[in-house]
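> Here it is: the structure, laid out below.
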Amino acid sequence: MAGEGPAAFASIGLVGTSTGTTADEKGYFELEQVPVGVQKLSVSAIGFRTQNLSVTVKAGEITVVEAHLQPQDARLREVVVSGTMRETYLLESPVPVEVYTPKYFQKNPTPAIFEALEIVNGVQPQINCSVCGTGDIHINGMEGAYTMVLIDGMPIVSALSTVYGLSGIPNSLIERVEVVKGPASTLYGSEAVAGLINIITKSPATAPRLSADLFYTSHRELNADIGYSKRWNGISTMLSTNYFRFADRRDVNGDNFTDIPLQHRFSMFNKWSLNRPENRVANLAARCYYEDRFGGEMPWQPKHRGGDQVYGESVYTSRYEVLGNYQLPIPENLLISFSYNDHQQNAAYGTTLYKGHQRVGFGQLVWDRNLGAKHKLLLGTTYRYTWYDDSTPATQHGEGVSAENKPDRISLPGAFAQHEYKATDNFTLLSGLRYDYHSAHGGIFSPRLSMRWAPNEDNIFRLSMGNGYRVVNLFTEDHAALTGAREVIIRNELKPEQSYNANLNYQRYIPLGSGFLNLEGAVFYTYFTNKIVADFLTSNTQIFYDNLSGHAISKGIALNTELAFTFPLRLHAGVTLMDVYQVQRTPEQGEERIPQLHAPRFSGTFTVSYQLRQLGLTLDYTGSVKGPMYLPVQENDFRPEKSPWFSLQNLQATKAVGEGLELYGGVKNLLNFMPKHPLMRPFDPFDRQVEVDNPHGYSFDTEYNYAPMQGRRFFLGIRYTLPQ
């Protein structure tokens, strides 16, 4: 029973077994062959709280059970922090936030969060190098340098670490992922121009006592996640480790180059939490990460590293980080947050040697205060210090023989204020202002205004307007500057980029007789000034960087749908239509429109899940669809300037074989799609013969890529969870 009527098509199951059934339209159900003894029965229905009942089953007797379900709107109970930097119910947040749980990403198991985001609408993990496999994350068509990646609200993954650090965040750490699309510089500062991805790690107090997730693919990829947590009276801790290895040199397209890079990666994460009075926060975490990555010609061996006999791109990455937060033991809500990371990279791109070292320290103090029933005030001050050194002209001062290498030291203090005014239960106004002072570029203001209007609980309108900025961090964020044998030329002194954004979001919840439909649509528009652009087309052997003399635009619409039924079928689908381009202004040619590379006009994602409860089996069908996107081509290039339509699809079956134990398996890249022409002149990677039988002057290039160079593969895995 539910309220005053029957809970039609409710789900009923015996906890710890695969035995279950579904109630009929009048709420009646029947379970047969139930073992004798005390059994735990779980009863659930969409829109109601799950109820667990203890039932005593006697031999030869029929046991009658009546369950009364309490109504619950699960949408109102989901809590987010990324939009306003305070805990807020998802549907009450003035800023639209998308939330994804590990269960969602387990529908297509991946070794790191970078690959997992492939099934998030409007978010595009982009491979930028066909040899070493480096990538970044695009939001709404904007390059990865405009996406801020946070761990527990801390700007851990930035600058140098964006090149390879995204692959070092295993899914085993994640409690949930919050995605905010659109500038968030008012709260988070530089880099949050296209949006932010906040990775919330698991709490030691609620993490499983023991968890393990291992899978192996037919391409000989091995991924292992193992976690352990322990609780005492006043303290709890969690230890999570990840190991990934891929050592199979594959050359399906026969160009004598590895299709995808070999990788050997290990990371460890340890988090501690104190149980304090009045639930005050106290967390401390540390993570270390090491990776050995190689891509290049098939005969390459470590002895060839940095030489000109056999081409290879070999990258050693080591990193450690510390982060934490502490709520002061005073009546006011004051939270201190801090992080520090040290990132070292030792790479050889053919004969080009690159060594980079970065240290970033970050501190933040936030005061959260309720000013009566309708007003909330958030004040904060931050300080970010970046020390960076590398072997490129990025840290070279002076010219000629007098030039010397000096590490860059950048100070970025800032302060922000945010006011939330809840005029009525239906209308909320959020305003904010941030001021940062960059040691090289001076003061930068970032304003923000957001509104939420909900005429009723099933219809929500949100309007957000804001400003974003990004300071110059050229060599650390653009891998094209380091590989492909191209010379880098900076035409003028680069200035910070500025962006202005507006986003209109509408969310509609439609109850259905047998489930619900959740629709969310958004219209977005971003205008850039001082955009830093890379010119790959003027010369085949050079890259020119300069501030854009003109402006850039990113605009489009996005639609997300979630459809669930009382029978065990759930669908998620999303579509993004966008137009991203630059307008270059020159005295000779006037205004010229230049399309943004790697920004498809159409992209879509989908997940379909169906449960066969009596068999304890779940089927997941996931995928993404990409429309044509412009690619970096050379002059008179024989390769198409735009990619074809393509789709990456995956199928998985998960079988529950006992309490906390699951077996899963399936196929990735079901359609066996692989891009064509990933490398230019792979037979001459050192450009020794560019003058021989080469009328168009082509040179070796690795940047022509739009999808992973990895075809169909099968996988098997096992997952175990032991609760506290």
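> For a quick check: sort CYS132, CYS288 by the number of other beta carbons within 10 angstrom, fewest at the front.
So the ranking, lowest neighbour count to highest, is CYS288, CYS132.
> Hey, fewest Cβ within 10 Å first, where do LYS181, LYS555 land in order?
The fewest-first ordering by Cβ neighbours comes to LYS555, LYS181.
> Taking 0.36 nm per intervening residue step and subtracting the Cα-Cα distance, what contour gain separates LEU371 from ALA286 on full extension?
Length difference between fully extended and current span is 27.0 nm.
> Express the relative contact order of the chain as a whole percentage, based on alpha carbon pairs under 8 Å and six or more residues apart in sequence.
This gives 11 percent for the chain.
> Can you list the lysines whose alpha carbon is less than 28 Å from that of LYS374, not counting same-chain residues fewer than 8 positions off?
Filter leaves LYS181, LYS422.
> Ok, one more. Specify the inter-centroid distance of region 630-659 and region 671-716, based on alpha-carbon positions, in whole Å.
If you average the Cα positions of each part, the centres end up 16 Å apart.
> Starting from the 7 Å offset along Cα-to-Cβ, what nm value, one decimal, do you get for the label separation of ARG209 and TRP645?
5.3
> At 0.36 nm per residue, and after removing the present C-alpha to C-alpha distance, how many nm does the segment from LEU274 to THR241 gain when stretched out fully?
Here the segment from LEU274 to THR241 would lengthen by 9.7 nm.
> Relative to the present Cα-Cα distance, how much length would full extension add between ASP248 and LEU670 at 0.36 nm per residue of separation?
149.9 nm
> For region 417-476, which trypsin sites (Lys or Arg not before Pro) are both in a DSSP coil and crowded by at most 13 other Cβ atoms within 10 Å?
none
> Could you list TYR698, TYR435 in order of exposure, starting from the residue whose Cβ has the fewest other Cβ atoms within 10 Å?
Arranged by neighbour count, lowest to highest, TYR698, TYR435 become TYR435, TYR698.
> What do you get for chymotrypsin sites (Phe, Trp or Tyr not before Pro) in region 572-651 restricted to DSSP loop and a cutoff of at most 14 other Cβ within 10 Å of the site's Cβ?
Answer by residue number: PHE638, TRP645.
> Further, regarding this structure: Give me a comma-separated list of calculated 3J(HN,Hα) values for region 266-279, in order, Karplus coefficients 6.51, -1.76, 1.60 applied at θ = phi - 60°, integers in Hz, x for any Gly or Pro.
9, 9, 9, 10, 10, 10, 10, 9, 9, 8, 10, x, 6, 6
> Determine which aspartates and glutamates satisfy two conditions relative to LYS655: a Cα distance under 17 Å, and not lying fewer than 8 residues away in the same chain.
ASP213, ASP620
> Given charges of +1 on the Cβ of Lys and Arg and -1 on the Cβ of Asp and Glu, with all other atoms neutral, how large is the dipole of region 608-724 about its Cα centre, in debye to the nearest 20?
Dipole of region 608-724, to the nearest 20 debye: 740 debye.
> So, R0 is 41 Å and r is the distance between the beta-carbons of GLU30 and VAL625; what FRET efficiency does that work out to, to 0.05?
Taking R0 as 41 Å, the efficiency between GLU30 and VAL625 is 0.45.
> Select from region 249-286 those trypsin sites (Lys or Arg not before Pro) which occupy a DSSP coil region and have at most 12 other Cβ atoms within 10 Å, ordered by residue number.
none
> Report, in debye and to the nearest 20, how large the dipole of the chain comes out about its Cα centre when Lys and Arg carry +1 and Asp and Glu carry -1 on their Cβ.
Computed charge dipole of the chain: roughly 1620 debye.
Only the coordinates and a few stated rules stand behind these numbers; no lab work does. Because the structure is a prediction, the values reported are computed rather than measured. Positions of Cβ are backbone-derived with ideal geometry, glycine not excepted, and every protein chain shown enters the neighbour counts.
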